[in-house]
Structures are given as C-alpha cells and as structure tokens.
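Inspection log for the structure reproduced underneath, given as structure tokens.
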Ligand SMILES: Cc1cc2nc3c(=O)[nH]c(=O)nc-3n(C[C@H](O)[C@H](O)[C@H](O)COP(=O)(O)OP(=O)(O)OC[C@H]3O[C@@H](n4cnc5c(N)ncnc54)[C@H](O)[C@@H]3O)c2cc1C
Ligand code: FES
C-alpha cells in the first residue's frame with residue numbers, strides 16, 4: 001500500500017518473525033524471483049503485530065530492488081531472512097527520550113516508539129521528523145496517533161521548522177538532550193548529530209550501509225568504531241549493528 005508518494009508499507013504474514021523482531025532489527029529481502037538483482041535488500045522492521053503474526057516494512061522505492069518489491073501483490077510469497085542485526089536498547093521506565101528520524105529512517109523508530117509506548121506511554125518522549133519537503137516524511141500520522149509529540153523539520157520550509165531535524169531538536173530541547181536519544185536517517189543527518197551530540201553516553205543510531213550477505217560473512221558493510229585511547233576497530237553493520245552507540249562510530253564519507 002502506498003502511504004506517501006514513492007513509499008509503501010507491506011505486511012508479511014510471519015508469526016515467528018513477528019514474535020522475534022525487536023526495534024532496529026531488519027529483514028533481508030529478496031526482491032524478485034530472478035537473479036537480478038542478485039542481492040537481497042535490507043529493510044527495517046516497521047512494526048510487528050504479535051497477535052496477528054504479521055510484520056510490516058515501510059520502504060522507499062529507491063532503485064531496482066525496491067521497485068520490484070512494490071510489484072508484489074497480496075497473497076504472493078516474499079523470501080525474507082530475519083530478523084537480523086542488533087537493535088536499539090530500550091529506555092528504562094520513565095527515562096526522557098528524544099527520537100530523530102530523517103525521511104524513511106522513521107521506519108525502525110516507529111517500532112521503537114510502539115515499544116516505548118507499551119513500556120511507559122508517550123509523555124516523556126519528543127519526536128523529531130525531517131526530510132527535504134513535507135511530502136517526503138512518511139508515518140507522521142501513525143506517530144501522532146500513538147500519542148507522541150511530533151516536531152517537523154523540512155529543508156524547504158514546506159512543513160514545520162525550516163532546516164534540518166538536528167537543528168530543530170536543538171531548538172526545541174534548548175540544547176539539553178534527555179537520557180536517551182535514538183536516530184535513524186541519511187549519513188549527513190547522523191554526522192550532524194555526531195557533531196552536536198558525539199559524546200552523549202546513550203545516543204544510538206542506525207547505520208545505513210550497502211549489504212550483501214546480511215549475516216557477517218562478507219565485508220560489504222564494514223564501519224569503523226572508536227573508543228577513547230584505543231585504535232579504531234572495524235565492525236559489520238549487518239551483524240554488530242545496524243544500531244551503534246553514536247559516540248563509538250567513526251562516520252566516514
Ligand atoms: C539496516 C538497514 C535498514 C534499512 N531499512 C530501510 C527501510 O526500513 N526502508 C527503506 O526504504 N530503506 C531502508 N534501507 C535502505 C534500503 O536497503 C535501500 O534503499 C535499498 O537496498 C535500495 O535497493 P534498490 O535495489 O531499490 O536500489 P539500488 O538500485 O540498489 O540503489 C538505489 C540508490 O540507493 C542507494 N542505496 C542502496 N542501498 C543503500 C543502503 N543500504 N544505504 C544507503 N543507500 C543505499 C544506492 O547507492 C543508490 O543511490 C535500509 C538499509 C539498511 C542497511
Ligand atoms: S553484509 Fe556481508 S558482512 Fe555485512
């Protein structure tokens with residue numbers, strides 16, 4: 001189902017996945033029956049309805065794989081591996097939370113917000129969503145319907161604050177970030193957040209890296225981690241992530 005132009009939600013009847021999935025984990029999706037594209041595409045779990053045994057993904061049609069996926073019709077089989085990777089650390093009951101999503105980066109954060117709502121409700125949570133323009137931000141209504149305060153940023157000023165989502169969060173929070181910060185979005189956004197919040201003890205971000213195997217068996221998705229006083233080390237985004245602590249990541253161009 002198309003939710004905003006170029007973005008679709010797909011429900012997958014998969015009771016075991018629905019039970020096992022945690023916020024920030026992803027599915028490795030085979031987008032067609034043919035060998036082109038050969039590689040699976042990583043897509044985050046957007047929500048999981050454990051009672052109905054259904055997992056949902058929200059995806060932007062970015063290229064060949066996701067375009068082929070958009071042609072799958074109700075009742076057809078989709079080959080997925082998952083849930084893969086390690087997800088976000090849930091906050092402790094009552095901790096203050098800021099959630100920052102860029103574009104379709106809202107997908108894993110929606111799942112996280114649903115779990116936080118179950119834990120202790122929406123009161124202590126601020127959500128910041130941004131994109132180039134208002135029509136490119138999916139799931140705003142879903143997040144509002146869960147009861148969260150949502151702040152919008154757009155590059156062109158077509159909705160909410162004119163600027164990026166990190167600038168908006170800075171302005172609304174007055175520079176004082178809560179105990180937990182969660183983010184997902186394009187690399188420039190994550191870099192902006194790292195410049196602003198690089199030593200926050202518990203800020204976590206989900207990395208978007210090209211992937212092949214999805215399970216740590218190749219080297220397609222390497223990223224660099226750093227720790228104070230130590231040599232940088234390498235990690236697999238698919239297996240060690242995709243969620244990492246922001247202060248441990250070296251965000252390279
Ligand atoms: C852990 C993880 C979770 C993701 N979750 C989602 C999600 O929930 N919803 C969603 O819409 N997308 C998500 N993505 C991005 C998604 O995997 C890519 O958009 C998809 O693989 C593109 O495949 P394609 O064949 O349609 O396009 P391609 O033709 O392969 O690529 C189209 C364009 O997208 C860029 N691209 C491809 N793969 C990636 C990638 N992994 N990261 C950044 N840019 C990429 C390419 O460089 C190219 O410019 C996620 C990526 C990762 C790593
Ligand atoms: S995609 Fe192969 S190691 Fe991560």
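Annotations
- In the stretch 199-230, the residues that are in contact with a helix residue (DSSP H, G or I) (Cβ under 6 Å, 6 or more places away or on another chain) and loosely packed, with under 15 Cβ neighbours inside 10 Å: 199
- Some residue of the stretch 56-76 being surrounded by 16 or more Cβ atoms within 10 Å (Cβ to Cβ), away from ligand 1 (no atom under 13 Å from the Cβ) and under 19 Å from the mean Cα position of the chain (by Cα): no
- Checking 77, 27, 58 one by one, the residue that is under 20 Å from residue 4 (Cβ atoms) and at pLDDT 95 or above is 58 and no other.
- Screening 235, 212 for residues that are part of a strand (DSSP E or B), more than 15 Å from the chain's Cα centre (by Cα), within 16 Å of ligand 2 (Cβ to nearest atom) and farther than 25 Å from residue 123 by Cβ leaves exactly one candidate, 235.
- Any hit, the stretch 91-99, residues being more than 22 Å from residue 18 (Cβ to Cβ), under 11 Å from the mean Cα position of the chain (by Cα) and either within 13 Å of ligand 1 (Cβ to nearest atom) or outside any strand (DSSP E or B) (or both): no
Residue by residue, here is whether (1) closer than 22 Å to residue 56 by Cβ; (2) more than 16 Å from ligand 1 (Cβ to nearest atom); (3) not assigned by TED's automatic domain parsing to the domain that holds residue 99 holds:
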| residue | (1), (2), (3) |
| --- | --- |
| 136 | yes, no, no |
| 139 | yes, no, no |
| 142 | yes, no, no |
| 158 | no, yes, no |
| 168 | no, yes, no |
| 212 | no, no, yes |
| 238 | yes, no, yes |
| 243 | yes, no, yes |
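The values are calculated or read from the model by the stated rules, or taken from the named source; none is laboratory data. Since the model is a prediction, treat every value here as computed from it, not as a measurement. Neighbour counts run over all protein chains shown; Cβ positions are idealised from the backbone, glycine included.
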